[in-house]
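What follows is one structure encoded as structure tokens, with my remarks underneath.
The values are calculated or read from the model by the stated rules, or taken from the named source; none is laboratory data. Here the structure is a predicted model, which means the values were calculated and not measured. Every residue, glycine as well, gets a Cβ built from its backbone with ideal geometry; the counts of neighbours run over all protein chains shown. These accessible areas exclude ligands, DNA and RNA; they are computed on the full protein's heavy atoms, side chains included. Shrake-Rupley method; radii C 1.70, N 1.55, O 1.52, S 1.80 Å.
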Amino acid sequence: MTSPENVRRVACVGAGVIGGGWVAHFLARGYEVTAWDPAPDAEPRLRRLVEAAWPTLTRLGLAEGTSTDRLTVTGTLEQAVADAEFVQESAPEKLALKRDLLARLDAATPPGVVIASSTSGYPMTDMQTTAADPSRLVVGHPFNPPYLIPLVEVVGGERTDAAAVAWASRFYEVAGKSVITMDNEVPGFIANRLQEALWREALHMVASGEATVRDIDLSITEGPGLRWAVMGPMLTFALAGGEGGMAHMLDHFGPSLKSPWTRLAAPELDKELYDAVVAGCDEAADGRSIADLVAERDRGVVEVLRATGRLGPEEDSR
């Protein structure tokens, strides 16, 4: 098996928005990319997507010697993966289709090559059922667009070899992604479950006439979304506790979990959960004090405001 650091040829199977985004990302990182999609207009559509993404990728920084000429669109799935050292599957989110496609990829891809699925929510255990060698099948869940958003969540299924998960995680890191390697499967993974909770509450608010779509979007882009671009919800709430951190925040605001602020049922804030949250925030802080975290958050929010054109030079200098 080729080491993650020495991979040179990547195959992308499925070339829609997600698959095409992966193609653009891998090209920008200097890989030779072969792609296949069954749609009759797949190649011109894919090349338009790459062309549209290229100015952004150029601003992000291209690998030395990279070129869109390194993209080859093949006529068959088998041609696409024949010489692949890593395979990224990005087919539509239909379980039967995923099962069949992963089995076909397993049959056509050279032995030992890791095959990753971009699925948004299916556990690999449910998708690897018909593959001859399920040990090399992993989930590599990106966020749209994959060429711009760094996160990829990696997790195996019940029949996946732990070495394949570790290999995939390392490969994504080498390829410039920010990786979360999950210990256990959970439908929707991590970020999508958090997104879905917010999405469902937003739909409830619209359906009940409690807020407009504009109100909901503005409440995030002008509110917590700015903080979340710098720190996640856990450390953000820890700062709400002031110098007392998460422990003080839970003592002060914990009772509000019983308030009717969401249609999701809140978990019981028992000692085990309390201690886990406090300890987790201490670990995430990694030695930074509350004052350090506040300063980091503030600098980051200023940069986000500047980057999105909501902060003029004169405002920034105050």
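Details
- Which listed residue, of SER169, SER117, SER135, is open to solvent by less than 30 Å² (accessible area, probe 1.4 Å), more than 22 Å from ASP37 (Cβ to Cβ) and of a type in the set (Ser, Thr, Tyr): SER169
- Residue that is nearest to ARG306 (Cα to Cα) [pool: residues in the stretch 240-249 that are open to solvent by 20 Å² or more (accessible area, probe 1.4 Å) and not acidic (Asp, Glu)]: ALA240
- Consider the stretch 81-96 and keep the residues that are over 18 Å from TRP22 (Cβ atoms) and part of a helix (DSSP H, G or I). The one that is least open to solvent (accessible area, probe 1.4 Å) is LEU95.
- Qualifying residue in the stretch 100-110 (condition: open to solvent by 20 Å² or more (accessible area, probe 1.4 Å), within 20 Å of SER169 (Cβ to Cβ) and in a helix (DSSP H, G or I)): no
- Summed over the stretch 181-196, residues that are open to solvent by 30 Å² or more (accessible area, probe 1.4 Å), touching a residue at least 12 places away in the same chain (Cβ under 8 Å) and assigned to a helix (DSSP H, G or I) total 2.
- For the stretch 219-239, the tally of residues that are in contact with a helix residue (DSSP H, G or I) (Cβ under 9 Å, 6 or more places away or on another chain), surrounded by fewer than 15 Cβ atoms within 10 Å (Cβ to Cβ) and of a type in the set (Ser, Thr, Tyr) stands at 1.
- When THR130 is tested against (1) open to solvent by 10 Å² or more (accessible area, probe 1.4 Å); (2) part of a helix (DSSP H, G or I); (3) touching an Asp or Glu at 6+ places or on another chain (Cβ under 9 Å), just one condition goes unmet, and that condition is (2).
- ALA202 being in a helix (DSSP H, G or I), of a type in the set (Gly, Ala, Ser), without any contact (Cβ under 8 Å) to a residue 24 or more places away in the chain and surrounded by fewer than 14 Cβ atoms within 10 Å (Cβ to Cβ): no
- Matching residues in the stretch 254-268 - criterion: being open to solvent by less than 50 Å² (accessible area, probe 1.4 Å) and either assigned to a loop (DSSP other than H, G, I, E, B) or over 28 Å from GLU201 (Cβ atoms) (or both): SER259, ALA266
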